[in-house]
Amino acid sequence: MSIFDKLKDDTDILILKINNFNPEQMDVEYSELLQNYITPNRSYITISARGISADEVEVDTLQYIIKECFTCSEIQKYQAAIVVIHKLFQRHNDLDLVQEAKDELSNYLSIGSTIDSVDMTFLDESIGDHTDNFFYIIEISIGANKILKYGKTNSLPRLRFAKIKNDIKENYRKFHISIKPLVLAYYNDIAEFEDMVKVSLSEHNIGSSNYKFAGASETFSLKDKDRVLDILNISAGNLSNTEKLEILYDEMS
């Protein structure tokens with residue numbers, strides 16, 4: 001371990017502190033944290049959400065700090081997690097619910113530095129003789145968060161997905177990263193199909209995620225999965241070419 005690592009937050013200790021927090025009988029350390037807590041006064045936090053106390057901070061702000069703020073430090077995420085647990089106990093007075101919260105919140109600090117290895121050799125058999133004009137939807141895990149991404153490629157799918165993983169790693173080196181194929185399709189004019197999908201997503205107000213990497217504009221939230229599946233089916237039925245969209249692999253239906 002380098003001397004610089006010794007100056008960084010110790011994730012294991014922060015997770016231990018989350019698990020040791022008892023909102024029913026608080027130690028002085030946690031009580032002082034809550035009394036003195038203010039949200040980060042930094043540019044990566046919306047101006048209206050900066051410098052807000054534990055009593056006044058909105059849940060959406062705490063969720064952003066813990067789950068979506070990739071510039072926030074682990075100590076900032078830890079402090080926000082303590083505030084969340086405190087608010088949860090104040091509202092529900094349920095220690096079992098507190099324990100569930102601790103388990104979930106700890107996951108957002110357990111981000112590690114490895115990239116999960118997923119065997120995608122099955123895709124080679126799925127594509128048959130096709131070599132280009134592929135459309136895909138993949139599930140991307142970045143730490144504890146999951147998002148979906150669609151796109152077209154004239155590369156072999158395994159090569160394209162490896163490139164996407166490397167692009168994500170460039171910006172999110174601290175996070176576990178994995179990619180899971182959900183849909184793979186072939187069409188002889190895949191650009192036409194992708195354009196139809198993009199227009200429909202915009203019309204249904206399905207926007208991209210908050211992540212920043214090459215191709216992130218084609219990402220969307222996991223909660224929109226069913227709506228996107230409906231859009232794919234409708235778009236496939238409206239193709240101008242007499243040739244139909246050929247589904248090569250489908251784990252989304």
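Placing pseudo-labels 7 Å out from each Cα toward the beta carbon at N41 and S221 gives an inter-label distance of 3.1 nm. In the range 138-217, a dipole from Cβ-located charges (positive for Lys and Arg, negative for Asp and Glu) runs towards its positive end, and of G215, G143, V183 it is G143 whose Cα lies farthest in that direction. Would you mind pulling out the separation of the Cα centroids of the range 211-226 and the range 137-209, in Å? Cα centres, the range 211-226 to the range 137-209: 7 Å. Matching the structure-derived Rg/Rh (Cα atoms, Kirkwood Rh) against the labelled list (1) 1.06; (2) 0.99; (3) 1.02 gives the label (1). M26 sits among other residues whose Cβ lies under 13 Å from its own Cβ, and their net charge, with Lys and Arg +1 and Asp and Glu -1, is -3.
Residue separation of D250 and N210 scaled by 0.36 nm, minus their Cα-Cα distance, works out to 11.8 nm of gained length. In this view, the solvent-accessible surface of M120, computed with a 1.4 Å probe and all protein chains in place, comes to about 20 Å². Students often get this wrong, so check it: of K198/K244; K87/K165; K67/K169; K17/K180; K223/K244, which have C-alpha atoms separated by over 26 Å? Violating the 26 Å limit, Cα to Cα: K87/K165; K17/K180; K223/K244.
Taking the Cα atoms only, what angle lies between the long axis of helix 11-20 and the longest principal axis of the chain, rounded to 10 degrees? Value to nearest ten degrees: 60.
For a test of the definition: using alpha carbon positions, the gyration tensor, and the 1.5 limit on a/c, classify the range 150-253 as rounded, prolate or oblate.
On the way: a/c = 1.99, a/b = 1.47, b/c = 1.35.
In terms of gyration-tensor shape, prolate.
Between D60 and T131, the modelled label-to-label distance comes to 5.0 nm, taking each label 7 Å out from Cα in the direction of the beta carbon. The charge dipole of the chain, taken about its Cα centre with unit charges on the Cβ atoms of Lys, Arg (+1), Asp and Glu (-1) only, comes to about 720 debye.
Note on S48 and L159: the model spin-label points, each 7 Å out from Cα along the C-beta direction, lie 4.8 nm apart. Report the FRET efficiency, 1/(1 + (r/R0)^6), for D27 and N93, where r is their Cβ-Cβ distance and R0 is 25 Å, rounded to 0.05. The computed FRET efficiency comes out at 0.85.
The values are calculated or read from the model by the stated rules, or taken from the named source; none is laboratory data. Just so it is clear, the model here is predicted, and its values are computed rather than measured. Methodologically, a virtual Cβ is constructed for each residue, glycine included, from the backbone with ideal geometry; neighbour enumeration extends over all protein chains shown. Just so you know, the surface numbers come from the protein's heavy atoms only, side chains and all, with ligands and any DNA or RNA stripped out. Shrake-Rupley method; radii C 1.70, N 1.55, O 1.52, S 1.80 Å.
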